[in-house]
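Inspection log for the structure reproduced underneath, given as structure tokens.
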Amino acid sequence: MLQSMTGFAVQKGMAQGFTWAMDMRGVNAKGLDLRLRVPDWIEGLEPAMRAILGKAMARGSVSISLRVSRDDEGESLALNSAQLSAVLDAMTEIEAQAMDRGLSLAPSTASDVLGLRGVLDTASIETDTKALREAILADLPDLLDAFLQMRRAEGEALDSVLKDQLNTIADLTDAAAEVLEARRDETAAALRRNLAKVMDNTDDMDEGRIAQELAIIAVKQDITEELDRLRAHIDAARDLLSAGSPVGRKLDFLMQEFNREANTLCSKSQNAELTRIGLDLKAVIDQMREQVQNVE
């Protein structure tokens with residue numbers, strides 16, 4: 001089964017007082033390009049994820065974004081003793097100066113003091129990053145499975161399209177062979193007529209040399225080899241589609257060979273019908289090449 005290189009999946013999870021969300025996206029690329037955006041404070045997470053992903057895919061530009069947030073229970077309040085001491089000293093100084101000026105200040109309560117900036121700090125509970133890392137890694141296979149399932153679904157659609165295009169190329173190749181066979185006698189007769197005209201108008205020219213030159217022209221106009229190679233490429237492409245991914249690079253190479261034979265056919269055709277078939281071949285091959293770019 002073929003696999004596409006495009007896909008998308010989302011996975012959410014929670015453990016160790018944290019919640020997280022991972023999304024995974026893939027587009028086509030010549031090789032495997034993994035781009036991970038994960039918290040660097042979770043020790044060893046990125047290399048572990050790369051190892052898992054690298055075994056599951058052969059090609060594609062794949063990016064994963066991981067967002068981790070701490071639950072409310074993951075934080076606590078702690079008294080900042082140094083800041084409290086500084087605040088109390090300042091309050092004592094203020095009260096002393098107020099008394100010197102005959103002013104009476106309302107007494108402060110503990111809640112008044114705690115409400116001042118810096119007296120209470122939000123302290124993080126110590127986190128075991130190893131346990132958190134393992135919990136996230138345990139969630140990764142579900143994300144990967146959903147992602148690969150989408151790639152397989154698109155690959156199935158690609159397989160159908162590529163097989164239809166191969167059938168069209170095969171039909172056009174057969175049509176070119178029929179035109180070639182139909183004009184074979186006509187071409188031979190035309191060559192004989194041209195040879196007779198040349199011989200009637202020359203006295204000293206070597207008849208063997210003229211025949212040799214006309215034979216070379218006939219060979220240059222013959223597209224039998226190009227048709228044979230096109231058929232071989234069609235068989236090779238069908239074998240690759242049956243084998244399944246990863247075959248994208250091999251298919252891409254075959255597309256270059258297909259195009260080369262179609263170009264040669266057009267250049268050697270010397271016939272309006274063959275030229276039309278050659279141009280149709282080039283159009284289908286180009287469409288197929290675009291689809292192949294997304295095969296893993």
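The values are calculated or read from the model by the stated rules, or taken from the named source; none is laboratory data. Predicted, not measured: the structure shown is a model, and the values here were computed from it. Virtual Cβ from ideal backbone geometry, glycine too; neighbours counted across all protein chains shown.
Below, the figures for the structure above:
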{"item": "Enumeration of residues in the range 9-42 that are more than 30 Å from residue 248 (Cβ to Cβ), among the charged types (D, E, K, R) and surrounded by 12 or more Cβ atoms within 10 Å (Cβ to Cβ)", "result": "12"}
{"item": "Positions within the range 92-123 being among the acidic types (Asp, Glu), more than 30 Å from residue 70 (Cα to Cα) and surrounded by 10 or more Cβ atoms within 10 Å (Cβ to Cβ), in sequence order", "result": "93, 95"}
{"item": "Options 6, 19; residue that is touching a residue at least 40 places away in the same chain (Cβ under 8 Å), closer than 16 Å to residue 138 by Cα and of a type in the set (Ser, Thr, Tyr)", "result": "19"}
{"item": "Single residue of the range 276-296 satisfying the filter (in contact (Cβ under 8 Å) with a residue 12 or more places away in the chain and charged (D, E, K, R)) that is farthest from residue 226 (Cα to Cα)", "result": "296"}
{"item": "Number of the exception - residue 66 against (1) under 30 Å from residue 252 (Cβ atoms); (2) of a type in the set (A, V, I, L, M); (3) in contact with a helix residue (DSSP H, G or I) (Cβ under 9 Å, 6 or more places away or on another chain)", "result": "(1)"}
{"item": "Pick from the range 241-250, criterion assigned to a helix (DSSP H, G or I) and touching a residue at least 60 places away in the same chain (Cβ under 8 Å), ranking: surrounded by the fewest Cβ atoms within 10 Å (Cβ to Cβ)", "result": "249"}
{"item": "Condition met for residue 281 (modelled with pLDDT of 95 or more and either in contact with a strand residue (DSSP E or B) (Cβ under 6 Å, 6 or more places away or on another chain) or within 15 Å of residue 180 (Cβ to Cβ) (or both))", "result": "yes"}
{"item": "Among (1) closer than 23 Å to residue 133 by Cα; (2) among the small types (Gly, Ala, Ser); (3) not in a strand (DSSP E or B) - the single one residue 65 does not satisfy", "result": "(3)"}
{"item": "Matching residues in the range 42-58 - criterion: being under 30 Å from residue 244 (Cβ atoms) and part of a helix (DSSP H, G or I)", "result": "47, 48, 49, 50, 51, 52, 53, 54, 55, 56"}
